[in-house]
């Protein structure tokens, strides 16, 4: 399957707001922000520098299952720090491969050291579906004589 395009195309169709939390915030506050914003992960930023990512997966595996208290535990105690990051010109097919190979659901997008967005597996699936729908429409139009 040919999935043309890069991350910039996806970011161009998403709101520009980046949801983040400080490393010293409580896990409770992070989870509440995720719920309020309806997102599955937050970037962890310290002085505008990416230092980690906290996800629902981190919460369920490192707080809930271990019996820790989210109101007392700091984000930096459970956040993921071995992050796979991508530049804005990263091809969509490579992002899909990275997410599958590394078993991650979110890829922070950095332009140099500056965070400019986050791509989720849902964003990529939507993009692929939109591309396929456009290709199908194009072919149907061609079949029905739309290109004369």
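Quick look at the values:
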quantity: Cα gyration tensor, region 40-114 - rounded (a/c under 1.5), prolate or oblate; calculated: oblate
quantity: Entry for P(r) over Cα pairs in 10 Å bins from 0, in percent (calculated from the structure that is shown) out of [x] 10, 30, 19, 18, 16, 6, 1; [y] 11, 36, 29, 14, 6, 3, 1; [z] 12, 46, 35, 6, 0; calculated: [y]
quantity: Förster-model FRET efficiency, 25 Å R0, residue 135 and residue 98, C-beta, rounded to 0.05; calculated: 0.60
quantity: Helix 27-37 vs. the chain, principal-axis angle (Cα, 0 to 90°, nearest 10); calculated: 30
quantity: Candidates 134, 25, 41, ranked by Gaussian network fluctuation over the chain, Cα under 10 Å, top entry; calculated: 134
quantity: Helix 121-143 vs. the chain, principal-axis angle (Cα, 0 to 90°, nearest 10); calculated: 10
quantity: Rounded tilt (10° steps) of 92-102 against the dominant C-alpha axis of the chain; calculated: 40
quantity: Of 110, 96, 65, the one that fluctuates the most in a GNM where the chain has Cα springs shorter than 10 Å; calculated: 65
quantity: Beta bridges by DSSP in the chain, antiparallel share as percent, to the nearest 5; calculated: 85
quantity: Gaussian network model of the chain, springs between alpha carbon atoms under 10 Å - residue of 116, 136, 18 with greatest fluctuation; calculated: 136
quantity: Cβ-derived FRET efficiency at R0 30 Å, residue 8 paired with residue 36, nearest 0.05; calculated: 0.60
quantity: Region 23-148, relative contact order [Cα under 8 Å, separation at least 6], %; calculated: 20
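Coordinate-derived values only; no laboratory data. Because the structure is a prediction, the values reported are computed rather than measured. Neighbour counts run over all protein chains shown; Cβ positions are idealised from the backbone, glycine included.
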